[in-house]
1. Step through the residues of the stretch 296-311 one at a time and calculate ³J(HN,Hα) from phi using the Karplus curve (6.51 cos²θ - 1.76 cosθ + 1.60, θ = phi - 60°), rounding each to whole Hz and writing x for Gly and Pro.
2. Residue by residue through the stretch 167-180, which ³J(HN,Hα) values in whole Hz follow from phi under the Karplus form 6.51 cos²θ - 1.76 cosθ + 1.60 (θ = phi - 60°), with glycine and proline marked x?
3. Whole angstrom only: what separates the Cα centroid of the stretch 118-166 from the Cα centroid of the stretch 317-354?
4. I need the phi-derived Karplus couplings for the stretch 57-67: 6.51 cos²θ - 1.76 cosθ + 1.60, θ = phi - 60°, integer Hz, Gly and Pro marked x.
5. Just read off the accessible area of Glu83 with the full protein assembly in place, 1.4 Å probe, to the nearest 10 Å².
6. Once label points are set 7 Å from the Cα along Cα→Cβ at both Gln237 and Arg221, what is their separation, rounded to one decimal in nm?
7. Taking amide H positions as placed in the peptide plane 1.01 Å from N, state which residues far from Arg254 in sequence (5 or more) or on other chains have amide H under 5 Å from it.
8. Say R0 is 25 Å: what FRET efficiency, to the nearest 0.05, do Cys31 and Arg72 get from their beta-carbon distance?
Amino acid sequence: MMGCKKASLDEYEKLVIRMNTPRVVIDNAVCATSTLVKVDSARKHGVLLEAVQVLADLNLSIRKAYISSDGRWFMDVFHVTDENGEKLEDESLITYIEQTLCATSTDGSDGEEGLTVLELTGTDRPGLLSEVFAVLADLQCDVAEAKVWTRNGRIASLIRVRDGDSGSPIEDSVKIDRIEARLKNVLKGDHDVRSSAARTAVSGGVTHAERRLHQMMFSDRDYERAAAAARPSVSVQNWVERGYSIVNVQCRDRRKLLFDIVCTLTDMEYVVFHATLDTDDDKQARMEFCIRHADGSPISSEAERQRVIQCLQAAIERRASEGVRLELCALDRQGLLSDVTRIFRENGLSVTRAEVSTAGDSARNVFYVTDAAGYPADPNSIEAVRQRIGGFGSLKVNYDPQLTYRRPPADADETAGGGVRLFSLGSLVRRNLYNLGLIRKLL
């Protein structure tokens, strides 16, 4: 009898696993210009973010998306292209996407294990990053990975380091305290009530780096003031008949745009039930989301509505590529980042965003730089930097005008609404459901 009961439980557990394992279909035949990725999965909080995160981490562009929740199930359909704007043809990449999306759960973490994670937030200023990396070099900390975002005069940075002598994670509490104290001292340049802080944590179940950066800047309340004159257009209205709040977004399209929005809604404890994303030839993205709070209620006050608008605008702007893009590929060594950022500072350049990665003995460092006042960098300064850094490795300079920051006028309108209403209420969602019906027939 006990054996029969155990067998029944095993079969039940297998059934639950099958029911909760996403079904993934990747098809290159449906659309002439993009690869279709379709995910059917049981509905749970954060499941949409997990799917979008997989595509974002592969630097895939999402050209269109249809997202719908039917009872206890989600169906997500993404039209994606690779970094060159082409359909996905690499079979190993397709297999990886299928296997990753089919995983029953993800911890949302990334990065290499065996590293100590440093979190820094504070008031940004010219040369700050140079001082931070100089401290780490002086304390014999090798930087394996780093991501740095700046917005609205604030900085958030996630830096993964190892001990420079042993190559192991830094676990000595005395050394960790010393690192934290030195970094806090560097960040003390502001007298803001949101006093600067350096925090350390040993890796292990660490949140996905870019999601963590969003959380850090959100906690720092960077959304409370407008950072640009031409802001993303965001509007929120309630669809009373269906009990949803409808969020409309219109802005310039870029990679990871959908991730930034879904990440912010998820961390604000909203659930996306239906959504659409569409992009045009002018690289403008239009999105509509039907959301409810985690408790099932729509947005219930004007203060909450304004907060959602401000937070989504901030989430879109945090990853804005302000300035000239410099990409340095070099042989990794201790103190490399300290030397490079010191040269930036000595030539009057300020880092607005940075992404550092290492693989073996190679380092790839990407920086976006402006002048110290936030204006476009002087080409002569860029050339001087090129001459001095060129000996470290291969330096690529991208002067794409779309990456150049223009400081907003002092009287720029900071109204949170961001402009006129974009679409008729629920229009894209209704079209979404129609398109999903067509896709079901095709698949």
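The values are calculated or read from the model by the stated rules, or taken from the named source; none is laboratory data. Quantities reported herein were computed from a predicted structural model and do not represent experimental measurements. FYI the Cβ positions are ideal-geometry reconstructions off the backbone, even for glycines, and counts take in every protein chain you see. Quick note on the areas: whole protein, heavy atoms, side chains included, nothing else; ligands and nucleic acids left out. Shrake-Rupley method; radii C 1.70, N 1.55, O 1.52, S 1.80 Å.
1. Listing the rounded values in order: x, 9, x, 4, 10, 8, 5, 4, 5, 4, 5, 5, 4, 4, 5, 5 Hz.
2. Listing the rounded values in order: x, 9, x, 8, 10, 5, 4, 5, 5, 4, 4, 5, 4, 4 Hz.
3. Each part's Cα centre sits 12 Å from the other's.
4. So the J values, rounded to whole Hz, are 5, 8, 6, 7, 8, 9, 7, 9, 8, 10, 10.
5. 110
6. 3.2
7. none
8. Using R0 = 25 Å, I get an efficiency of 0.30.
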